[in-house]
Amino acid sequence: MLTGTCHCGAIRIQAPRKPRRLTSCNCSICRRQAGLWGFYEPGKVKITARKGSIDRYVWGDKSLRLCRCATCGCVTHWLPTARASNRMGVNFRNFDPSVIETTRIRKFDGANTWKFLD
Ligand SMILES: [Zn+2]
């Protein structure tokens, strides 16, 4: 079990294991926020948050809800809006840096081709 938190600690994320890779995406939102995403089935990740501490952002095709801390502003995770989707994203910038240092990072072209660039 890996645990990360936003900067102020209001949102805690518990992931079941290290991700096989982290994804750096260049889409319009990811390039601004510079998240490093690990993907999981939503049921395998535990999010604990103080009441009212999660701000959500939905845009475009409304396929996901991006979640950030209402107090410190750190982007912590995203959840699918469609029940059919079995994938969520966890931002490993909120975890101990050793996780990032020891995990392969791949560049994903979310802005155009939806393919990996490396
Ligand atoms: Zn916070």
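Within the range 35-57, restricting attention to residues that are part of a strand (DSSP E or B) and among the aliphatic types (A, V, I, L, M), the residue that is surrounded by the most Cβ atoms within 10 Å (Cβ to Cβ) is 54. The set of residues from the range 58-75 being within 8 Å of the ligand (Cβ to nearest atom) and either of a type in the set (S, T, N, Q) or surrounded by fewer than 16 Cβ atoms within 10 Å (Cβ to Cβ) (or both) comprises 71, 72, 73.
Taken over the range 1-20, residues that are more than 13 Å from the chain's Cα centre (by Cα) and over 23 Å from residue 70 (Cβ atoms) amount to 6. If the condition is being over 15 Å from the mean Cα position of the chain (by Cα) and assigned to a strand (DSSP E or B), then the range 85-106 contributes only 104. A Cβ distance below 7 Å, combined with a sequence gap of six or more or placement on separate chains, defines the contacts here; from the range 74-101, residues that are farther than 22 Å from residue 63 by Cα reach residues that are not in a strand (DSSP E or B) in the pairs 93/35; 93/36; 94/6; 94/74; 99/18; 99/92; 100/36; 100/92.
In the range 1-32, the qualifying residues are those that are open to solvent by 40 Å² or more (accessible area, probe 1.4 Å) and within 16 Å of the ligand (Cβ to nearest atom), and the one that is farthest from residue 58 (Cα to Cα) is 3.
The values are calculated or read from the model by the stated rules, or taken from the named source; none is laboratory data. Please read these numbers as outputs of a predicted model, since none were measured by experiment. Because the Cβ atoms are built from the backbone with ideal geometry, glycine has one as well, and the counts that use them run over all protein chains shown. Surface accessibility is based on the protein's heavy atoms, side chains included, excluding ligands, DNA and RNA. Shrake-Rupley method; radii C 1.70, N 1.55, O 1.52, S 1.80 Å.
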